[in-house]
Amino acid sequence: MKFFIHIFFGVCFFSVSAHSTDVEGVWELVSGEYKNEHGEMIAYDEIGLRSLKIISGSHFSFTSMKGDDFWASGSGTYSFNEGRYVEELKFNSFGEKPGAQFSFSAELDGEYWRNARWDDGERVEFEVWKRVD
């Protein structure tokens with residue numbers, strides 16, 4: 001009987017979906033990759049990319065550096081539920097119009113947050129973030 005109780009609670013625990021409040025905090029980019037304009041996957045560590053993302057109750061903001069040089073920043077609103085993290089930009093440094101959305105499949109695993117962005121069935125970005133606050 002104890003075995004079935006453990007299975008029941010295990011299934012309930014792992015079935016709980018992450019919500020917006022679970023992702024609130026300060027996150028530092030650990031690793032990742034993105035597809036460049038030539039269709040090549042570029043690992044963030046190969047170009048010295050570093051980034052911090054701050055997430056509040058309804059807003060996000062990030063700043064990324066390539067080595068010691070500014071690379072990109074963006075801010076706006078977000079939603080996170082049922083394995084989807086969606087950012088809607090208000091301001092950014094990379095030419096997207098206000099209201100542009102970026103949708104990621106996402107999972108929280110303790111202090112780590114992994115997300116991937118897809119375009120026409122092809123992964124175009126993958127990130128691993130670590131909670132720092």
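All of the numbers you see were taken from the coordinates with simple rules; none came from a lab. Everything numeric here is computed off the predicted structure, so don't read it as measured data. Ideal geometry is used to build each Cβ from the backbone, glycine not excepted, and the neighbour counts take in all protein chains shown.
Structure notes:
- The three principal axes of the Cα atoms in the stretch 42-129 give end-to-end lengths of 36, 30, 27 Å, sorted in falling order.
- Packing here is the average count of other Cβ atoms within 10 Å per residue, and on that basis the peptides 33-45, 85-97, highest first, run 85-97, 33-45.
- Straight-distance candidates among the lysines for linking to Lys53, with alpha-carbon spacing under 22 Å and chain neighbours fewer than 8 residues away dropped: Lys35, Lys66, Lys90, Lys97, Lys130.
- Environment charge at Glu28 (Cβ cut-off 9 Å; Lys +1, Arg +1, Asp -1, Glu -1): +4
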